[in-house]
Amino acid sequence: MSLFEKLKYISISSRISILLGIIILLTMGAFSTFSLLKQKEDAIISISNNTGQLSQTIEKILRVSMLKNQRDDISLAVNNIVGSEDIKSIKILNHDGSIKFSSIHSEINKNISQSRQLCVSCHIKNDKKIKANIKNFKHFRIDNKNNLIYNSLPIYNSASCYNGVCHSPEQLAFNKREKSETNSASLSPHDSSQTILGFIEIEVSIKKIISDLEKTRTQLIFLTILFALIASIITYFSIRYLIGKPVKNLVDGTLRVARGDFNHEIPPGKAELGVLSESFNKMQKQLMTTQSQLIESEKLASVGKLADEVANEINNPLTGIIIYCESLMNEADITDVKRSDYEIVRQEALKIRGSIRNILSLTRQKKPDFIVTDISSIIRHAISVIEKFSNFRNIQIITGLPKTLPKVSADPDLIEQVFLNLLLNSSESMPAGGIVNIISSYLSDEKEIEIAFTDTGKEIPSGVLQKILDPTNNSNLEDFEKIGISLTVCKDIIEMHKGKIIINSSGIGTSVIIKLPL
Amino acid sequence: MKTIKILAIDREEIILKSIKKALTGYSNTDYSVTVCNTALDGLKLIRSDTFDLVFLDLVLPGLNGAEVLRRIKNIYPLIPVIVMSGFTSGMNFNLSEKGNSVNETLNNAAGFLLKPFTTEEIRSIVSRTLAIRIGN
């Protein structure tokens, strides 16, 4: 199985859980990253502001010393300030870039290059000329690689600077001393033409904040993964329980049905799947019923076909046997002993006829189709069909069939069959003619329709009547075979309709009473 | 007594022989029986000769019984035709199965003879049917 095919078999639960896990990872990951970046940004801005304010405070404090030209004090202050609040270094440099004071001792009197960002923000590179707009003088810059923030505060020139306002005696004495020792012009008070005398640069380490943020980030990542994992697992098992298992049951069920096994009910699923499994079970039951119905009717059809073939194969030769036997009997002398032998053969042939008709009548029964029926109209139709037969030439049919009889639930074709049989039997029993009386009525007490059918024909021997009740009875009653068998069929039909049939026969005729429930 | 001419149409040889035996093998009646075993032969005979009665089997090769009956009636509407059948027993009319054609057959036929029949049964139905004829 290729990888693609293997992928197809990954269950619904797995797919959804994996998808959920990925979604959680991505969204939470994005969210935390964004959030952390914002935090870092905010932290840096906050620190920068603080640093800026710190610089200003330091400048204000040092200004006094600078005005008094108390250089020692400034050096002391610079060295002391460093170490507190993550301040890594402070330097004071003049406008030319020469570092006059610094916490890093080695830097003192060194020059910074003019290409540094500090210089370039106002001056064109390597030139003293000032750029067109110097509004965006960056007071601070960030060194992301080393996690440092630099704040550069310009020291602006003022009247008190270039006038050397402080007339402290120490100052004057100092000035005198300095003047004589170094003879340097640079020791004079500042030039009034200078805007910016120099810069205080403070270097602040943001290492701690950054590492804290990193720690938080790691924690968040770990939590995200953990959460995604837990959510996935919970989802996986929930879906498996709610959907996976019921779906698997359904799939198994359909596979079983495809194989032809309709017998196993599948266990119910949850929620909507519960409805689905219920309807699946119903469908199975329906299939089972339909299948057995089909098998039944196929059986019936094949039995019917078989019966037809058997009938033909047997009835034709049997006719020959009977007729020729009778002919032999006719041709033999009355005293001939052979006559009784022929009679025996004839009787046996007639027995076969009876048996075949019995069997065929049993296989011929169609399944009843119950509909609301009016008995009177069925009887009238049966009469109309059969009275044209020559048998009925001398027979008078008298009827009492009210049109307002309540209707019964019956199969009209089968009921008509019963009446056709009864009519034929009557006609056979009165070859010279007679009267047939058919009266239908409604018995309100028993809620039944009663049909009373009488004729003035030959008496049916009690043996035949017995045979109607018990078709397997093998007594020899050739002439009445036909009637006996057809009456058995009538009895079966009436019983299928949950009705009763009562037959009485005497010298004056036969009466058949049929009762059908509504 | 005028000879009564009867035509028997059936697929089976034995049925034709039996009809002949039953109707002509006894001395007291004057029947003459012509036999054939296909519908086409039967129709030909009906056209070419006059018969007083026809025995027709419902299952013949080619055309079905109802159709043959209709054609006979077309040629000679008044001829009595007794249909024979080996299928059903006890006169079970499966009305629901063939519907109109069964009713039509019942309307066109003068009588119904179930196989196997005895000598008495066939002679009786012949005399009854002809009695009606004579009566008319």
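Couple of notes before you dig in:
- Considered as a group, the residues in segment B:1-45 that are acidic (Asp, Glu) and within 19 Å of A:Ile322 (Cα to Cα) include one that is surrounded by the most Cβ atoms within 10 Å (Cβ to Cβ), and that residue is B:Asp10.
- Selection within segment B:79-118: residues that are part of a helix (DSSP H, G or I) and closer than 26 Å to A:Thr488 by Cβ. The member of this set that is modelled with the lowest pLDDT is B:Ser96.
- You will find that of A:Leu255, A:Leu273, the residue that is part of a helix (DSSP H, G or I), open to solvent by 70 Å² or more (accessible area, probe 1.4 Å) and closer than 22 Å to A:Ser11 by Cβ is A:Leu255 and no other.
- Selected residue (criterion: farthest from A:Ala332 (Cα to Cα)) from residues of segment B:46-59 that are surrounded by fewer than 16 Cβ atoms within 10 Å (Cβ to Cβ) and either in contact (Cβ under 8 Å) with a residue 12 or more places away in the chain or within 13 Å of chain A (Cβ to nearest Cβ) (or both): B:Arg47
- Residue satisfying condition, being under 20 Å from B:Glu121 (Cα atoms), of a type in the set (A, V, I, L, M) and assigned to a helix (DSSP H, G or I), within set B:Leu23, B:Leu45, B:Leu56: B:Leu23
- All conditions in (1) in contact (Cβ under 8 Å) with a residue 40 or more places away in the chain; (2) open to solvent by less than 40 Å² (accessible area, probe 1.4 Å); (3) within 52 Å of the chain's Cα centre (by Cα) hold for A:Val303, with the sole exception of (2).
- Residue list for segment A:399-437, filter: among the aliphatic types (A, V, I, L, M) and open to solvent by 50 Å² or more (accessible area, probe 1.4 Å): A:Ala432, A:Ile435
- For segment B:60-75, filtered to residues that are more than 17 Å from B:Asp10 (Cβ to Cβ) and exposed (fewer than 14 other Cβ atoms within 10 Å of the Cβ), the residue that is nearest to the other protein chains (Cβ to nearest Cβ) is B:Asn74.
Condition check ((1) at pLDDT 80 or above; (2) over 22 Å from A:Ser193 (Cα atoms)) across all residues:
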| position | (1), (2) |
| --- | --- |
| A:Asn50 | yes, yes |
| A:Ser55 | yes, yes |
| A:Met66 | yes, no |
| A:Asp73 | yes, yes |
| A:Gly83 | no, yes |
| A:Ile92 | yes, no |
| A:His105 | yes, yes |
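- Residue tally, condition without any contact (Cβ under 8 Å) to a residue 60 or more places away in the chain, part of a helix (DSSP H, G or I) and crowded, with 17+ Cβ neighbours inside 10 Å, over segment A:189-228: 0
- Residues of segment A:376-401 classified as within 16 Å of A:Ile514 (Cβ to Cβ) and assigned to a loop (DSSP other than H, G, I, E, B), total: 1
- Number of positions in segment A:98-120 that are under 19 Å from A:Leu62 (Cβ atoms), of a type outside the set (A, V, I, L, M) and not in a helix (DSSP H, G or I): 6
- Of all residues in segment A:34-49 being free of Cβ contacts under 8 Å to residues at least 24 places away in the same chain and open to solvent by 80 Å² or more (accessible area, probe 1.4 Å), the one that is farthest from A:Leu223 (Cα to Cα): A:Asn49
- Members of segment A:306-333 that are free of Cβ contacts under 8 Å to residues at least 12 places away in the same chain and either among the basic types (Lys, Arg) or facing chain B (nearest Cβ under 7 Å) (or both): A:Asp308, A:Asn312, A:Asn316, A:Pro317, A:Thr319, A:Gly320, A:Ile323, A:Tyr324, A:Ser327, A:Asn330
- Segment A:374-398, subset under 15 Å from A:Asn421 (Cα atoms) and small (Gly, Ala, Ser), residue least open to solvent (accessible area, probe 1.4 Å): A:Ala382
- Members of segment A:309-341 that are over 16 Å from B:Leu113 (Cβ atoms), assigned to a helix (DSSP H, G or I) and not charged (D, E, K, R): A:Val310, A:Ile314, A:Pro317, A:Ile321, A:Tyr324, A:Cys325, A:Ser327, A:Leu328, A:Met329, A:Asn330, A:Ser340
- Index of the failed condition, B:Gly65 passing every other in (1) within 19 Å of B:Phe112 (Cβ to Cβ); (2) free of Cβ contacts under 8 Å to residues at least 40 places away in the same chain; (3) not aliphatic (A, V, I, L, M): (2)
The values are calculated or read from the model by the stated rules, or taken from the named source; none is laboratory data. Being a predicted model, the structure only gives us computed values, none of them experimental. With ideal geometry, Cβ positions are generated from the backbone for all residues, glycine too; neighbour counts draw on all protein chains shown. In case anyone asks, the SASA skips ligands and DNA or RNA and just uses the protein heavy atoms, side chains included. Shrake-Rupley method; radii C 1.70, N 1.55, O 1.52, S 1.80 Å.
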